[in-house]
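Notes follow the structure.
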Protein chains: 2
Amino acid sequence: MKRLIGIQEVEDIALGAAVLGTGGGGDPYVGKLMAIEAIRQHGPVELVTIDEVDDDDMSVAIAMMGAPTVMVEKMPGGEECVSAFYAAQSYLGKTIKYVYSIEAGGINSTIPITLAAKLGLPMIDLDGMGRAFPEIQMVTHNLFGVTATPFTMADEKGNSAVLSTIDNRWMETFARSIAVNMGATSIIGAYAASGKQHREAAVFGTLSLAETIGKTLRDARAAHMDVIKALKDVTKGYVVFHGKLVDIQRRTVAGFARGEAILEGIGEDAGSRMNIQFQNENLMAARDGNIIVSVPDLITMVEEDTGEPITTEQLRYGFRVMVLAMPCHPHWRSAKGLEVVGPKYFGYDVEYVPVEQRFGS
Amino acid sequence: MKRLIGIQEVEDIALGAAVLGTGGGGDPYVGKLMAIEAIRQHGPVELVTIDEVDDDDMSVAIAMMGAPTVMVEKMPGGEECVSAFYAAQSYLGKTIKYVYSIEAGGINSTIPITLAAKLGLPMIDLDGMGRAFPEIQMVTHNLFGVTATPFTMADEKGNSAVLSTIDNRWMETFARSIAVNMGATSIIGAYAASGKQHREAAVFGTLSLAETIGKTLRDARAAHMDVIKALKDVTKGYVVFHGKLVDIQRRTVAGFARGEAILEGIGEDAGSRMNIQFQNENLMAARDGNIIVSVPDLITMVEEDTGEPITTEQLRYGFRVMVLAMPCHPHWRSAKGLEVVGPKYFGYDVEYVPVEQRFGS
């Protein structure tokens, strides 16, 4: 039986993906509106599992790249996605049969849905992170030698670029400066991959998981159940802090939203403080000066009453939040994975400790 | 009769193009070595006039982009040129029959010769400036609606980019940041143009003129004649100052070599000072605080005894130089031309006065 992404599924995916987006990946509201509009016009999008994809079938990830602070004000029109898709297909010289999400996040889970609806293409139920990360090389495919090339970029003015680099770290450098010049955000097509490559390198079921998280949260709200407990159960996560946002520093620099949030503990965390630093996404959470959760594990702040995930650009003084920590995909816990996205890469001189090792019973 | 560029022609072109290069366009020594080596291996390059090119025949300009200060230390291997050429051909989807120089300059007049020798293609005797200018949109073709797209870039590491923009000013922005990331210089392919487009927009005979200037200088030196007079005659130029270099400020910023040179007058200019400011190329010359020559006219410093043109990165304290001012191509004197390369574009609040109007008898 065909599985379809319709309007309700988009609502749930956008909400759930924002939980997995660890503060980044874009505003779920903006992404949702775009995808819903595309589905209204063109009909629902078929979602296939990796098992339905042939070894040779090509797919490409479509995403928004740049500072989420700017994404909020610069909603893409959709034509940029079409342009980035066809540029990739033209470079490859073969038909691209599927679209996929590079990461989980409010915008970056739903932008590929928008494009898939427009082009009448199916999506594959997988992504390249199982969460959101800020840089181009931070994709599980990169750990298995899949290249981001051809990397296609398009802006709302009609400018475009096709980049080819010797490795994915160079791609980050080149693409970031183009994204900055395109007005701090850009639509990209990247990591064109075959079914065979995905089978080895992708994180499977991310869209389904996002939908399940979103639906669980929606149902818990409707039934007036404990939303935080529901979230913990569905994400296999831990509530590591409960606090009030007392300070937020944020600056958009070199194409990233960087900053930190300070929480003052409430309830059983009264008397403690938590400091959460981010680069588009939340990178680490320190309790009273000690890092207790770090990349690659997921750190998401959710609103205490509704369980609504809060993106880094939405953080405001006075918010009462629960800090949810969730285990990352096993790919990220390999030596290579930690080299690419571990705490040391981001400048934190600590060893990575898996979240369930610290908080699991 | 076929006209061929052999080793002697390259020597003369590199020397003459550095006179037209107004301090920029790259070191003639580096450019010469590369072209001579390519001709040794692959034979001489055919040079055709615009009259021999059919309306539909396509050509592309190959050049080095970036700060000349870095070009000196980072000599391109040649493979980057081949890569930039084929990327342009692939984007266009049609055969490119000719190579041409985007500007006159020590490297940028000879890099296309290097590539033409390698690929066995003829060159067209024209360029897009009749001199050198620092930015992508400063090409006569731009005045006639020819686009720099597809703009291809390649570095010595194997990275490459193909850019497409809505106008040539955007191209400058995108390409400059990529060039900076490629290590401050990059090989580019740009302004793919048909014979028809060149007929309207190009500056004809620039390579021949460079060769004539180089040969004239060489002959004058051999015959112990007055090299400066010979240069003046062949370039239709004026010696506007004779001085000693007493101060030179130079910094590489945002992918450009910017700075200024201060000359203390000698001979009949004793007691006066000249200040020459540059952005890769010399932009304006002020005598005792008053601008007496400015873009788009050409300003080149030549060594007083040998007539050797001095590029901005070669300037050293104590050099005794003649400042040569030469009229630019008429295309640059139109309202549109002055908007793109006139003194106001570069931040000088003066009206452009043609050099022959100020110094002509």
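Here, each number is a calculation from the coordinates, and none is a lab measurement. Keep in mind that what you see is a predicted model, and the values were worked out from it rather than measured. Cβ atoms come from the backbone with ideal geometry, glycine included; neighbour counts cover every protein chain shown.
Of note:
- The antiparallel fraction among DSSP beta bridges confined to the protein assembly as shown stands at about 90%.
- For the options A:GLY93, A:GLY26, A:GLY66, a Gaussian network treatment of chain A with springs between C-alpha atoms closer than 10 Å singles out A:GLY93 as fluctuating the most.
- Taking other C-beta atoms within 10 angstrom as a stand-in for reagent exposure, A:ASP127, B:ASP269 fall in the order B:ASP269, A:ASP127, fewest first.
- Charge context of B:ASP54, other residues only, Cβ under 11 angstrom, K/R +1, D/E -1: -2
- Crossing angle, helix B:7-20 versus chain B [Cα axis fit, 0-90 degrees, rounded to tens]: 60
- Here B:LYS94 is the anchor, and the lysines within straight C-alpha reach of less than 20 Å, apart from those fewer than 8 places off in the same chain, are A:LYS94, B:LYS118, B:LYS196.
- For the range A:228-359, averaging the sequence separation of C-alpha pairs within contact (under 8 Å, six or more residues apart) and dividing by the residue count gives a relative contact order of 24 percent.
- DSSP assigns beta bridges within the range B:3-206; of those with both partners inside it, close to 75 percent run antiparallel.
- A simple count of charges around A:MET225, restricted to other residues whose Cβ falls under 14 Å of its Cβ and scoring Lys, Arg +1 and Asp, Glu -1, yields +1.
- Put in line by how crowded their Cβ is, counting other Cβ atoms within 10 Å and starting with the fewest, B:CYS81, A:CYS328 read A:CYS328, B:CYS81.
- Taking 13 Å as the straight-line reach from the Cα of A:LYS236, the aspartates and glutamates in range (excluding those fewer than 8 positions away in the same chain) are A:ASP297, A:GLU356.
- Computed [θ] at 222 nm, deg cm²/dmol, the protein assembly as shown (DSSP H ≥ 4; -39,500 (n - 2.57); rounded to nearest 500): -9500 deg cm²/dmol
- Simple spin-label estimate for B:GLU79 and A:HIS42 gives 4.0 nm between the two label positions (7 Å along the Cα-to-Cβ direction from each Cα).
- Between the helical axis of A:28-42 and the longest alpha-carbon principal axis of chain A there is an angle of about 30 degrees.
- Helix A:206-222 and the longest principal axis of the Cα set of chain A meet at an angle near 50°.
- Extending 7 Å from Cα along the Cβ direction at A:ASP247 and again at B:ASP55 yields two label points whose distance is 7.2 nm.
- Surrounding net charge for A:GLY105, when Lys and Arg each add one and Asp and Glu each subtract one, Cβ distance under 10 Å: -3
- GNM on chain B, alpha-carbon springs under 10 angstrom: the most fluctuating residue among B:TYR29, B:TYR238, B:TYR98 is B:TYR29.
- Within 10 Å of each Cβ in B:162-169, the average number of Cβ atoms from other chains: 5
- A simple spin-label model places pseudo-atoms 7 Å from Cα toward Cβ; at A:SER90 and A:ARG199 they are separated by 3.3 nm.
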